Amino acid sequence: MRKVALALVALALMACGFGAGVDPGPDETVDLTSATVVGTWRNAERDATFMFAADNTFQALNVPREFFPSFADAIAPGFDPARDRIDTHGTWAVSGRSPSPLDRRRNLLTIRYEPGGFVPASGVSGFEAWWQGSQPILLTGRIGFLKCAEPCGIGSGLPSTSPR
């Protein structure tokens, strides 16, 4: 009887998406370092790009408005997502530990963005870093950014000099 009950539980879990072959999403936190962060990260679906420089500055193009905390107040009036882009720049820091203190990995990347364009004031937001298979991914909410293997985003208008 006990074996039958265990088999039924296993079947129920597989039906709920915990079975083999189902991608459960990010599976392990990244022990984030500056070397991991520096480079260009992209979300192709939203055509959004972040370029993190070694001097702890960043530039970003077409940032999803969900990236900004309380985005209704963080975006200037007149912003039309069908027509407009949110481009920004600022500084970044590896700033925290994983949400799970047991694994003691740093996986929080804090962004301090500066005013300009549709961003009326400076503010703070950030990413969590996770491994997805063998590739690191930066997540903000449900929006993920993958690190480019080679420079990407530069040709699409991303400035090549650091903002100051």
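Within 12 Å, Cβ to Cβ, of Arg85, how many net charges do the neighbouring residues add up to if Lys/Arg are +1 and Asp/Glu are -1? So the surrounding residues net to -1.
Summing charges over all other residues whose Cβ lies under 14 Å from the Cβ of Arg42, with Lys and Arg as +1 and Asp and Glu as -1, gives -1. Surface calculation, 1.4 Å probe, protein heavy atoms: Glu66 sits at approximately 90 Å² accessible.
The values are calculated or read from the model by the stated rules, or taken from the named source; none is laboratory data. The model shown is predicted, which means the values in this text are computed figures rather than measured ones. Glycine gets a Cβ as well: all are built from the backbone with ideal geometry, and neighbour counts include every protein chain shown. Accessible surface areas use protein heavy atoms only, side chains included; no ligands, DNA or RNA. Shrake-Rupley method; radii C 1.70, N 1.55, O 1.52, S 1.80 Å.
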